Each structure stands twice: as C-alpha cells, then as structure tokens.
1. Does a label point 7 Å from the Cα of Glu122, set along Cα-to-beta-carbon, have any residues of segment 139-159 with amide nitrogen under 19 Å, and which are they?
2. Which far-off residues, 5 or more places away or on another chain, put their amide H under 5 Å from the one on Leu26, with H placed in the peptide plane?
3. Against the longest principal axis of the chain, how steep is helix 118-127, in degrees 0 to 90 to the nearest 10, with axes from Cα atoms?
4. Of Tyr117, Thr92, Gly172, which is farthest towards the positive pole of segment 70-200's charge dipole, taken about the Cα centre with +1 and -1 on the beta-carbons of Lys, Arg and Asp, Glu respectively?
5. According to the square roots a ≥ b ≥ c of the eigenvalues of the Cα gyration tensor, what is the shape class of segment 18-98, taking rounded for a/c under 1.5, prolate for a/b larger than b/c otherwise, and oblate for the remainder?
6. Starting at 0 and stepping by 10 Å, how many percent of the alpha carbon pairs of the chain end up in each bin?
7. Restricting attention to segment 111-187, which GluC sites (Glu not before Pro) occupy a DSSP loop and are surrounded by at most 16 other Cβ atoms within 10 Å?
8. Could you state the orientation-averaged shadow area of the convex hull built on the Cα atoms of segment 87-170, in nm² to one decimal?
Amino acid sequence: GSKDKIDALGRLLTRILRHMATELNLNMRSDGYVKVEDLLKLNMKTFANIPLRSHTVDDIKEAVRKDNKQRFSLLEENGELLIRANQGHTVTTVESERLLKQILSADEVQFCVHGTYKRNLESILESGLKRMKRLHVHFSSGLPSDGEVISGMRRDVNVLIYLDVRKALEEGMKLYISDNKVILTEGFDGVVPVKYFEKI
Ligand code: HQG
C-alpha cells in the first residue's frame, strides 16, 4: 500500500490495540494479542478515512514492519495470525507479567530515561512520575541520535529524567522491558517517587 495509507493504518492500530479493546468488544488476551481477523471485521475508518475492513492481512503486516518505533508484534498460533501493541496500553485487560519481560538485575539495563517537558517538571518534582492514563510510566533504554525517533520517548521532549535502576530494584519496584525495548513500571501504585531519580 501507499506510505500514507500504511501510516494511517498504523495510527489506528495503535489506538485500537492500546486503548479501545474494551469499548469495541474485541477479544484481547492478557498478553495483549487480538486476532488480525477480528480487527479486519471492525467497522472503523483510519485517519486517512479508509475503512479498516478494506485493508488486508498484508497491509497489517506492512504496517507492523514499517512502524518507526516497532510498536507492534505479530504471532502465528494454531494457523491464526495475532497482533498486539508492545506497550502504551490504557486497557486493563493486559497484565504486565504476560505482556512484558521483568527486569531482574540492574546489569540488564545500560540506560533508563524518561522524556518529558519543562512545563511538567515542577509537578513531577512535587508528586513523582505518574503513569497518568496508561498502565505504566515509560522509559527509553537508549538515547536518540540526531533526528532519529526512539521507542519510549517522544521526539520533542526537552527534559530527561534518569532512573536509579539499582535503587528502584533494591527497594522492590518492578521494572519490565517490552519487545520494542521500552522500560516500563507501575512504580508504587502508579507513581515513581522522586527519590528514585538519579539525575535530571
Ligand atoms: C507527564 C509515546 C505532571 C509525563 C512515547 C508525560 C512513549 C507528569 C505525560 C509513550 C507527571 C504522560 C509514553 C506529574 C508524569 N505531573 N506531568 N506528576 N508525571 N507526567 O503519553 O511518557 O509514539 O502517558 O512526563 O514515545 O509521554 O505513542 O506518557 O509527559 O513511548 O508509541 O505526563 O508514548 O510513544 O504522557 O509517552 P503519556 P509519555 P508512541
């Protein structure tokens, strides 16, 4: 398909797979997977105004392959093709332990940094990093080199908060890593307290 068509499909897939399974009555497993066949039956239009039903399995595969942050995974099981978003969910159908791989030692992490904006900093320093609407606070496991995008933070962030991974693990914070190498945590009750910031 054309680049615009595939980009628009990717954006819609992101929205559905992270946020809309419940309201759409989509059968989503606790590891986040839904059947591609079920998606292609949905009566929705992409951001390019193309009905989802007019897309093919090959379009979906192309959208997954071309996604600039590797937001999706495909899985073939019992002759069926399944798809999931690797991170970013708000739907509580997914369980961290099933979607993600737990990080057990600080040695597994070279780098763990949350990207945000100056306008949020005062509030973050007051109340810690909150997961907001999502299930997890997001951290990147690398830094973008010039102009490149990186999974786990937006391209236009202007504040970087480094997590003290060793201290967080020592004190019982559960850290996870997604298939696209985003580091995720529920913190403690959805908050990563300021005392776990290594530097800003
Ligand atoms: C901020 C994108 C005030 C937080 C990215 C962030 C990532 C606070 C915003 C993924 C706060 C939440 C996630 C506090 C946190 N006071 N602001 N106490 N605590 N915030 O979208 O990390 O392209 O839920 O810093 O690349 O921005 O969608 O999280 O600015 O991977 O794949 O509240 O989304 O990826 O925003 O982004 P979000 P995020 P995709």
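Bear in mind that the values in this text are calculations on the coordinates, not laboratory data. Note that this is a predicted model, so its numbers are computed, not measured. All Cβ positions, even for glycine, are placed from backbone atoms using ideal geometry, and neighbour counts span all protein chains on display.
1. 158-159
2. Correct list: empty.
3. 60
4. Positive-most Cα among the choices belongs to Tyr117.
5. Rounded shape, in that the Cα axes give a/c under 1.5.
6. Answer for the chain: a P(r) of 8, 34, 33, 19, 6, 0 percent.
7. Those that pass, being in a loop and sparsely packed, are Glu148, Glu171.
8. For segment 87-170, the mean projected area of the Cα convex hull comes to 6.4 nm².
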